[in-house]
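One structure is given here, and the rest of the page talks about it.
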Amino acid sequence: MTTPPITSRADQELTRLFHSLNNHLGIILANAELLEHRLADEQHRARAGQLVASALDAIQASNQIRLLAADTRRT
């Protein structure tokens with residue numbers, strides 16, 4: 001699914017914000033995965049795994065919100 005062309009300043013700002021959010025979530029995800037693989041203690045690895053799962057859920061939610069916003073702009 002592609003998004004419609006960005007026409008308004010509000011659309012441009014929304015796109016910028018989603019891009020920034022996804023960049024931050026990507027950094028969180030990468031560091032959580034790094035921790036998950038490097039930690040020796042099983043309990044700490046499990047907590048890092050929860051961070052990984054949460055970051056993935058947040059990325060998915062962000063993408064769903066972006067698609068919903070794009071659908072709203074089309075109507």
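Any read-out appearing in this document is the output of simple, stated calculations on the displayed coordinates, not a laboratory observation. Keep in mind it's a predicted model, so treat the numbers as computed, not measured. Reconstructed Cβ throughout: ideal geometry from the backbone, glycine too, with neighbour counts over all protein chains shown.
Taking K and R as +1 and D and E as -1, what net charge do the other residues with C-beta under 15 Å from the C-beta of Asp11 add up to?
Net of charged neighbours comes to +3.
Just the number, please: Stokes-Einstein D of the chain in µm²/s, Kirkwood Rh from C-alpha pairs, 10 °C, 1.306 mPa s.
Reported coefficient: 114 µm²/s.
Note the full-extension length gain between Ile27 and Thr15 as 0.36 nm times their separation in residues minus their Cα-Cα distance, in nm to one decimal.
2.5 nm
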